[in-house]
Amino acid sequence: MRHHGEGYVDGIDYDHGLYRELSPAQIAFSLLLKGYRPPVVGPEGFHYAELGAGHADTSSLLAAVYPHAGFDAVDINASHIAAAHRFAKDACPGNLRLLEESFAEFAKRSDAAYDIIALHGVWSWVSAETRAILLDIVGRTLKPGGVLFLSYNALPGKAAQMDIRKILLEHSLAGTGDWPDRIGKALSFVERVVQQGARDRPETAGLVAEVERLKQRSANYIAHEYLNRDWTAFYAGDVARELTKAKLSYAAPGLMSDELGIMALPAESSALTEEADPVYRETLRDILMNRGFRRDLFVKGAERLSARERSEWLGAMRFALLVPPGDMPQAIVTSGGRLQLQKALAEPLIAALDEGPRRLDELAAMPSLAEHGWQAILQGLTLMIGTSHVAPALDEADEAACLDSVARFNAVVLEHGRMGGELRHLASPVLGNGVAVTKLDALFLLARSRGVDPVVFASDQLSALGQTIGDGTGKPLSADQRIALLREHERSFSTTRLPMLRKHRIA
Ligand SMILES: C[S@@+](CC[C@H](N)C(=O)[O-])C[C@H]1O[C@@H](n2cnc3c(N)ncnc32)[C@H](O)[C@@H]1O
């Protein structure tokens, strides 16, 4: 088993994936909601760094939707950066620098000044020395007013998983064979241990569910999550205190669904946190909700907006529907409890957004919504953003500015998919963000762009990739059955998902 000098796993690549919460539009909304001035990310350009970027899937998509900005993606893993280079050469407009470097090497030479730095999936998985290097980079290179997105394993929710991690690590270290083989065997052993543990100590039964979850994940994910030399979960307050060394203070949740958990906390629980200072309050909330993962936004030189500035910024922001109108749930289950979406507000709000992206001020002026008031509409939007049914959108000028770069990016993603590539997100110039598509939908889209029959095209491409379609009992479908099934899928794609992709100007 190999680790880089700095203790991080080597020899097995991380999964592909897009983290929508890293988009400047989402970050700006979260900060504004809490009354902080977001970094300026308009057409005049800004500078963004992703440290520990993996395959740089998120950075490369953001480079396409913000062609006037500059992106630096740093990663120690040569195989990640090599693949990212190959992809970005064709897909990105030349504003993404891919740096195959350790954080220590990057720290020595970096003199750039960033508006946004993202550290996603890194902080808990590196040593204290590496965190000190990261803190130094952030402290020196984040501009005053800049924002850090930081995710990490949190206490108390992650504490229970320390047992799983310990067994996975020891078992993989002692094992033989390649990574996936060792991980498969270690996971089977962990399963036996936690099942036995649950029989002897019913209070550990939750670990069985965690092992079940891990069985659905790839060996690549498990290696990067659990098999680094370091794996530390933190109390939110301790992380916030550490970051004051880089002049950063906690500002806002980095993911709106986390905010919903807090909104849903029962009044008695919220009352227990009222006396606490804002940072200690976060720790108390985590304890009350047993949270195990956090995504936080920290700002350097936390500048508060006046109430008037905040409402002007938010009022001018556009919002877009992410899903067809019928898909919006009434009740929302969060880590803090249930929230109810008021039908009287939700229905006209969704109907208005179904016509296209709208500014908050525009929504508040609509006859169908005016009676609810600006504040209640903002709250409704916040709930729908938290459930990923609505998203902040780019303004018209930024949308127009990225049409060409997004079209190029999406064409490359679709072609990669045809060749068996694992990227599953297309960029939307409306959202300034990515939208997930299935492998099949990606083939249907590619066929349409080529003007050929989507069903025949998808069938041929799947065959070329060696993919059969089963009848549910393990028997492959005949050629006719396969075409009939794909035709059904295509019909459903054309009537449900395609109209949404058109609204997002992806198709
Ligand atoms: C779990 S992955 C997260 C990737 C990406 N941020 C994401 O969320 O998809 C962590 C990444 O950090 C990189 N990394 C870990 N230690 C590093 C170091 N000391 N210097 C540079 N990169 C490092 C790893 O190679 C890996 O790609």
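For the reader, a short list of remarks on this structure follows.
- Computed over region 160-303, Cα set: Rg, Dmax in Å: 18.6, 55
- Charge dipole (Cα centre; +1 on Lys/Arg Cβ, -1 on Asp/Glu Cβ; no other charges) of region 386-427 amounts to roughly 320 debye.
- Put the Cα centre of region 436-507 next to the Cα centre of region 303-331 and the gap is 34 Å.
- Three-way shape call for the chain based on the alpha-carbon gyration tensor, with the a/c threshold at 1.5: rounded
- Of every Cα-Cα pair in region 318-394, the percent that sits beyond 15 Å: 49
- Dipole axis of the chain (+1 Lys, Arg; -1 Asp, Glu on Cβ), positive-most option in 328, 183, 107: 183
- Overall, region 163-311 carries a charge dipole of about 360 debye about its Cα centre when +1 sits on the Cβ of Lys and Arg and -1 on the Cβ of Asp and Glu, all other atoms neutral.
- Residue (of 32, 387, 92) at the positive-pole extreme of the chain, dipole from beta-carbon charges: 387
- Shape of region 224-309, Cα gyration tensor, a/c cut at 1.5: oblate
- Alpha carbon centroid spacing (whole Å) that separates region 358-412 from region 117-138: 33
- Whole-Å semi-axes of the ellipsoid equivalent to region 172-236 (Cα gyration tensor, √5λ, descending): 21, 17, 11
- Taking amide H atoms as placed 1.01 Å from N in the peptide plane, the amide H of residue 97 lies under 5 Å from those of 71, 72, 73, each 5 or more residues away in sequence or on another chain.
- Label-point separation, residue 316 to residue 104 (7 Å along Cα→Cβ), nm: 4.6
- Charged side chains reduced to their Cβ positions (Lys and Arg at +1, Asp and Glu at -1) give region 318-394 a dipole of some 200 debye around its Cα centre.
- Cross-link pairs exceeding 29 Å in C-alpha to C-alpha distance, out of 343/503; 34/158; 158/185; 475/503; 34/247, comprise 475/503.
- Mean separation of Cα contacts under 8 Å, 6 or more apart, over the residue count of the chain: relative contact order %: 17
- In terms of its alpha-carbon gyration tensor, region 438-503 comes out prolate; a/c meets the 1.5 threshold, and the first ratio a/b outweighs b/c.
- Only Cα pairs under 8 Å and 6+ residues apart enter the sum, and on that basis the relative contact order of region 438-503 stands at 27 percent.
- For region 69-97, backbone nitrogen atoms closer than 20 Å to the point 7 Å from residue 449 Cα along Cα-to-C-beta are found at 84-96.
- Extension gain, residue 333-residue 162: 0.36 nm per intervening residue step, less the Cα-Cα distance, totals 58.9 nm.
- The relative contact order of region 269-359 comes to 27 percent, based on Cα pairs under 8 Å that sit 6 or more residues apart.
- Estimated inter-spin distance, residue 419 and residue 185, nm [label 7 Å along Cα→Cβ]: 3.6
- For the chain, share of DSSP beta bridges that run antiparallel, in % to the nearest 5: 60
- Under the simplified labelling scheme, the residue 128-residue 475 pair shows an inter-label distance of 6.3 nm, with each label point 7 Å from Cα along Cα→Cβ.
Coordinate-derived values only; no laboratory data. This is a predicted model, so every value here is computed, not measured. Virtual Cβ from ideal backbone geometry, glycine too; neighbours counted across all protein chains shown.
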